[in-house]
1. Please turn the phi angles of region 81-92 into ³J(HN,Hα) values with the Karplus equation 6.51 cos²θ - 1.76 cosθ + 1.60 (θ = phi - 60°), one per residue in order, whole Hz, x for glycine and proline.
2. Please report how far the C-alpha centroid of region 329-377 lies from that of region 114-191, rounded to the nearest whole angstrom.
3. Provide the descending list of Cα extents for region 277-330 along its principal axes, expressed in whole angstroms.
4. Apply 1/(1 + (r/R0)^6) to the Cβ-Cβ distance of Phe62 and Ala296, taking R0 = 30 Å, and write down the FRET efficiency to the nearest 0.05.
5. Could the peptides 193-199, 100-106 be put in order, highest first, of the mean number of other beta-carbon atoms found within 10 Å of their residues?
6. What does the charge dipole of region 126-242 about its Cα centre add up to, to the nearest 20 debye, if the Cβ of each Lys and Arg holds +1 and the Cβ of each Asp and Glu holds -1?
7. Can you figure out the FRET efficiency of Leu280 with Arg152, using R₀ = 45 Å and their beta-carbon distance, to the nearest 0.05?
8. Hey, what number do you get for the chain at 222 nm if only DSSP H runs of n ≥ 4 count, each worth -39500 (n - 2.57), divided across all residues, to the nearest 500?
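A short reminder: the numbers here are calculations on the coordinates, not readings from a lab. Quick caveat: nothing in here was measured; it's all calculated off a predicted structure. Virtual Cβ from ideal backbone geometry, glycine too; neighbours counted across all protein chains shown.
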Amino acid sequence: MGGGKGLALGVVLALAGLSVGVWLVTREPALPTGQARLTVAEALGGTESTEGYARAVGVREFRFPEDHGPHPEFRTEWWYWTGNLETADGRAFGYQLTLFRKALAPQEAKRESEWGSRHVYMGHLTVSDIATGRFHAFERFSREAVGLAGARIPPFQVWLENWKVEGAEAGVFPMRMSAEAGGVALSLTLEEGKPPVLQGDRGLSQKSAGEGSASYYYSLTRMPTRGTVTVDGRSHEVTGASWMDREWSTKSLGAGQVGWDWFAFQLSDGSEFMHYQLRLQDGSVDPFSAGVDISARGEAVRLPRDEVRIEVLDTWRSPRSGATYPARWRLSIPSRQLVLEVTPALADQELPVTVRYWEGAVRIQGTRAGQPLTGRGYVELTGYGDVPEPSR
């Protein structure tokens, strides 16, 4: 979740009981026969045994480039990219490419079939075409067997069929991203930009009470990006900035946690801001919510829950799911003299996938220490519509 960015990984927690297939969706997917949608609580309910898996139980030393690669001793992990891009004449696009790994067993088992696999992968690909108001969303699953999906280093590579991100030769940067589905395609080159930011306590991000109820988590918060975005069969040369979240863990959502709001912004003063708000079933905010403010020089200041005030200014109701999502916010961080008003670039950026959620490009206006600033970013909203709305 990157604090909140692991939503879809919860889907693969349920895949052990499903036939693992591959499908794509645009807008409203036709799910495989007999497969019901999952709520976030069902997907991340933490009912599976964690015995035999590694746990995030203490601060560790991060090693790069090795930690860009897989951590198969943990049950779950993800590589998560979002970004805002523009053509030379100002046509704007947002994108999301997320690749998730789930271990179905803590150890390899002897298998007679080459199709046998301990790991399954899931991917989400979206493109927000701001000029036309269209949102394209796709979902894909596959097992790791026979090279259909996987991750490795060196050289760095993570892939799910023809959705892949790979490093240059023996290194990691620049990363080269390519993904195509349903007439939509990304072909992008991402530079490292600022060095990795270790989230939480030196990379240990506690999500709920109890030992091991945590993840190892870092971010690349401003990755210079260039390449092409293809929509409706036409390619557009673009430049902009991407955000990468990397997280691996074994323990999932804690009791009573039903979803989260995740905010990641790149601001015009060269700074970045991230905050995830974990929501409880009674509507309150979990004390394990947290974030970070990153200066233009890359200095990161941790922000505990009570330092970030979030006011919902508007809502949007999905015509498909009926879920009501926050649709405009004011974030105030008095300790950082930061006030931000956040507006979706498109109202409808809901992914109609196995675990339905909203994730999309946003625009930011605000002030830091009284000085005006603007920005772009991404917001993820999960768990809305999974619990009954309070009666009015």
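1. For region 81-92, the Karplus curve yields 10, 9, x, 10, 10, 9, 7, 4, 9, x, 6, 9 Hz.
2. Using only Cα atoms, the two centres lie 26 Å from each other.
3. Cα spread of region 277-330 along its principal axes, largest to smallest: 43, 26, 17 Å.
4. Taking R0 as 30 Å, the efficiency between Phe62 and Ala296 is 0.85.
5. Numbers: 193-199: 18.7, 100-106: 20.9.
Result, highest mean first: 100-106, 193-199.
6. On the way: 12 positive and 13 negative charges, 26 e Å.
In total the dipole reaches around 120 debye.
7. On the way: r = 38 Å, r/R0 = 0.85.
Approximately 0.70, to the nearest 0.05.
8. On the way: 2 runs with 9 residues, N = 392.
Calculated mean residue ellipticity at 222 nm is -500 deg cm²/dmol.
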